[in-house]
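The values are calculated or read from the model by the stated rules, or taken from the named source; none is laboratory data. If you're wondering where the values come from, they're calculated on a predicted model, not measured in any experiment. Glycine also receives a Cβ, built like all others from the backbone with ideal geometry; neighbour counts cover every protein chain displayed.
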Amino acid sequence: MNRALRAATMGVLLLSPVALSACSAGQVNQTAGQERDKVGAMAEVGDIALRAVDLAYPRGGSYDAGDDADLLMSISNQGTEDDTLVDISGDGFGDYEVDDSTAESGSRGATELDIPAGALVHVDGEDVTVTLTDLDESLTTGQTLEITLTFENAGEVTIPVTPATPERDIPRGEGFDFHHSEGGEE
């Protein structure tokens, strides 16, 4: 009996690593293609690659109808010819504005953004700002807004954007009391 128990224990110990490693074996597993939620949307059209596309985190935690929202992204022109972002369209906002303090003319309130060949342009809300104006309805983290970016040479691409998650911890408010009934009755 002791010998049989020892043999069974050894069998379990020898087979456990094999059985457990099968859960993550190979290159094709369920999480291999997933991106973290803080990465933002990504897309490519022609020689243009868009990375980390989202809306700036709203100051009060959500955007209200009529608010403006800064669009954040990195635009990489991997081609040999300059390109230009010529339009941003979609449902859910009125219009858009481009402010580029790095441009020679310092374009404020413009509707185009130059993307030089071989360059990476950071639309970060500081040097280069793209603002979606007059949101149609309220928008919070996790809700999406479909926008279409049109480039002069590369063409157009539609991408879902969400308000970014905060970069710092936000204190929680008071929790909801599920046991409290209406009218003061307990």
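Brief remarks on what is shown
- Matching option when the condition is part of a strand (DSSP E or B) and over 15 Å from D54 (Cα atoms), among E146, E156, E137: E156
Conditions tested, residue by residue: (1) modelled with pLDDT under 95; (2) surrounded by 15 or more Cβ atoms within 10 Å (Cβ to Cβ); (3) under 21 Å from T162 (Cβ atoms); (4) of a type in the set (A, V, I, L, M, F, W, C).
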site	(1), (2), (3), (4)
V39	yes, no, yes, yes
P58	yes, yes, yes, no
D68	no, yes, yes, no
T80	no, no, no, no
I88	no, yes, yes, yes
T102	yes, no, no, no
L120	no, no, no, yes
T131	no, yes, yes, no
L135	no, yes, yes, yes
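- Condition met for G11 (at pLDDT 65 or above, surrounded by fewer than 11 Cβ atoms within 10 Å (Cβ to Cβ) and among the small types (G, A, S)): yes
- Lone qualifier among L149, L145 - being under 18 Å from the mean Cα position of the chain (by Cα), surrounded by 15 or more Cβ atoms within 10 Å (Cβ to Cβ) and at pLDDT 95 or above: L149
- Residues in the stretch 44-59 that are without any contact (Cβ under 8 Å) to a residue 60 or more places away in the chain and in contact with a strand residue (DSSP E or B) (Cβ under 8 Å, 6 or more places away or on another chain): A49, R51, A52.
- In the stretch 60-86, the residues that are over 17 Å from V98 (Cα atoms), touching a residue at least 24 places away in the same chain (Cβ under 8 Å), not polar (S, T, N, Q) and not in a strand (DSSP E or B): G61, D64, A65, G66, G79, E81, D82
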